[in-house]
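One structure below.
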Amino acid sequence: MAGFRTIVINKRCKLESLLGSLVIRTEVEERIHIKEIETLIIESTAVALTSALVADLTEAGANIIFCDRKHLPASVFVPVHAHYATARNIKTQIAWCDGLKAECWGQIIKEKIRQQALHLLDLAKPEEYALLADYSSKVTDGDLDNYEARAAAVYFRTLHGSSFNRSNACFENNALNYGYTLIMAAFAREISACGYLIELGIWHRNAENAFNLASDLMEPFRVIADRLVVMIPNDEREKYKRYMLKLMYSRVKINDENQSFIPAIRIYLHRIFRFMKNEVTDIFPIEILEEEVSVN
């Protein structure tokens, strides 16, 4: 079971493991119990770390994210053996039938659009909410009518203006991409911990995407990043990374229980995998619980 702290390393230092603690060596020495760490983000490329630390963090169930020279997430450390039934689960995953995958994808997109609609309702956009709620109700297996794209066009332009495009180079996209990468990293780690291949998706099939399944299953949780971006004050935009890290402490209501971010993902994934085994007929809806967002 992973811990509860997100640790960001953004300066030159050496990281090592000693007596169950992460030791951060700079001009001074700082120690953090490894069992307390849920996510370690190595934001600086001037960091040296030991293989013993990586092994101990992995054993503790921590998520490790490495950033590039632009300080943006570039890779995620995924353990090779994270579940006792990995071989059996992968064999099952390879055999998932197209019909069941299409049905699952339809439910995922239905929930994603419902989350987008609820976000717009919270922002006092009743007309746009009604349109997206209608789109959500019309999603079928495989989303063959591409309501996901239709909803996205309305959703993002309502949030960020009529000229906004997800390919634009702007603050909003920088913040969204950072937040989405953190969410995908969390999903990749938890999917691997469940004993499934993150490369083998149910809908995403990009041969160059090492996180196809994580990209599929994270969709309804993207709204957590969306909500954070619109809450960042204009004069605080240069601190967007610090704001987006707040998603790691988000609260989510799922299966009628309030959960923190990572446990909510685990509950959601277990439901998805039961769905793909034909043990249940639906996935859990989620509710993002609002909290005040600020940084020190």
message: So in the stretch 157-170, with the set limited to residues that are in contact with an Asp or Glu (Cβ under 8 Å, 6 or more places away or on another chain) and assigned to a helix (DSSP H, G or I), which one is farthest from T58 (Cα to Cα)?
response: T158
task: Looking only at the stretch 105-112, decide whether some residue is more than 24 Å from the chain's Cα centre (by Cα), farther than 16 Å from I198 by Cβ and not hydroxyl-bearing (S, T, Y).
output: no
message: So K110 passes all but one of these: (1) assigned by TED's automatic domain parsing to the domain that holds S137; (2) out of contact with any helix residue (DSSP H, G or I) (no Cβ under 6 Å at 6 or more places or on another chain); (3) over 16 Å from L213 (Cβ atoms). Which condition number does it fail?
response: (2)
message: Among the residues of the stretch 269-278, are any closer than 20 Å to I224 by Cα, in the same structural domain as G179 (by TED's automatic domain parsing), out of contact with any Pro (no Cβ under 9 Å at 6 or more places or on another chain) and among the β-branched types (V, I, T)?
response: yes
task: Out of the residues in the stretch 53-112 that are of a type in the set (K, R) and surrounded by 17 or more Cβ atoms within 10 Å (Cβ to Cβ), state the one that is nearest to N174 (Cα to Cα).
output: K112
- prompt: Given R251, R189, which one is under 14 Å from the mean Cα position of the chain (by Cα), surrounded by fewer than 17 Cβ atoms within 10 Å (Cβ to Cβ) and among the basic types (K, R)?
  reply: R251
message: Among the listed residues N173, N177, N165, identify the single one that is surrounded by fewer than 20 Cβ atoms within 10 Å (Cβ to Cβ), of a type in the set (S, T, N, Q), closer than 25 Å to L269 by Cβ and modelled with pLDDT of 90 or more.
response: N177
- request: Could you tell me whether N206 is more than 15 Å from Q107 (Cα to Cα) and polar (S, T, N, Q)?
  value: yes
message: Within the stretch 173-187, does at least one residue satisfy the condition of being assigned by TED's automatic domain parsing to the domain that holds D216 and free of Cβ contacts under 8 Å to residues at least 12 places away in the same chain?
response: yes
task: Give the number of residues within the stretch 1-36 that are of a type in the set (A, V, I, L, M) and closer than 25 Å to S260 by Cα.
output: 8
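The values are calculated or read from the model by the stated rules, or taken from the named source; none is laboratory data. Since we're looking at a predicted model, the values are computed, not measured. Here Cβ is always computed from backbone atoms with ideal geometry, including for glycine, and neighbour counts include all displayed protein chains.
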